[in-house]
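Everything on this sheet refers to the single structure shown next.
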């Protein structure tokens, strides 16, 4: 998707619970080996008391994003809510979150695409801001919580993620902001579905059959191809090359580092153009469907981009899907 007008990231927030859980819990439960734990990028993860806290995390993140953007909930024309976990009231979570935010007149949409759900919601919001200029402002929210008793949050084998309970929120605007969206592109490989269990693996033990593990590993080449294709598409839509010297940062998905590096191994840069790779899994683990939003929050928080400089931000999810968003530090905005 190539923007036909300017869309900006106005604010981005990550909301984390106060509690934490150590990977030793997963070792004791037998779901993670000692060696896997030693190599884990995220040994300590944010943890809620109960799974119902996901809505609270979503609302908290949304309220903070509104404050940072300096706008009211009434000014948000569309809210997209993504998540991965399941609950009896999951079917109405998007409307509940919007109501609790006070966005009484917003159009609300739920998005489900496993770990890439938040990224796809961002791409949909950007597209909607293009086709409906009167919309003005859109918000994307993600939130998931497994609760305190959840050794399955460390899925370090074939899946390669450590899940941190979290909420994220992002506000996109046609009226300016510190980061200008250059492009957003996604690629998919649905052949991965064959190797996935019928039940949602997020709410169950990560123990997989040898056949399923082998099938997942066989798909890695396709995953890598999807990533390199999405990066190429995003660069082309932005009117630049992958080797553009203005690209300072590549912000990786918050999966385990070894998996992130394998996924990125198909993206080739010139020898004299090597953007710095940023891997943030150690901050709070994999943010369920919120990695892209969390990575954009990092860019705003750290202020690492100078005006006119570009960051390539990536998200991936089982199924398989990948999204690449390219953003540029706005020339006349402070971070």
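The values are calculated or read from the model by the stated rules, or taken from the named source; none is laboratory data. Quick caveat, the model's predicted, so the values are computed rather than measured. Cβ: placed from backbone, ideal geometry, glycine included. Neighbour counts: every protein chain shown.
Of note:
- Of all residues making up the stretch 235-254, the number that are within 19 Å of the chain's Cα centre (by Cα) and at pLDDT below 95: 0
- Residue under evaluation residue 243, criteria (1) in a loop (DSSP other than H, G, I, E, B); (2) closer than 20 Å to residue 14 by Cα, criterion not met: (2)
- The listed residue being within 19 Å of the chain's Cα centre (by Cα) and over 24 Å from residue 320 (Cβ atoms), out of 69, 58: 58
- Residue match in the stretch 199-219 (condition: at pLDDT 70 or above and crowded, with 17+ Cβ neighbours inside 10 Å): yes
- Where residue 258 falls short, out of the listed (1) touching a residue at least 40 places away in the same chain (Cβ under 8 Å); (2) more than 23 Å from residue 233 (Cβ to Cβ); (3) within 12 Å of the chain's Cα centre (by Cα): (3)
- Residue within the stretch 227-249 that is under 24 Å from residue 154 (Cα atoms) and without any contact (Cβ under 8 Å) to a residue 60 or more places away in the chain present: no
- Tally, over the stretch 135-169, of residues that are touching a residue at least 60 places away in the same chain (Cβ under 8 Å) and closer than 15 Å to residue 46 by Cα: 19
- Every listed requirement among (1) over 19 Å from the mean Cα position of the chain (by Cα); (2) crowded, with 21+ Cβ neighbours inside 10 Å; (3) closer than 18 Å to residue 286 by Cα is met by residue 22 save one, (2).
- Scanning the stretch 264-307 for residues that are in a strand (DSSP E or B) and surrounded by 14 or more Cβ atoms within 10 Å (Cβ to Cβ), we see that the one that is nearest to the chain's Cα centre (by Cα) is 286.
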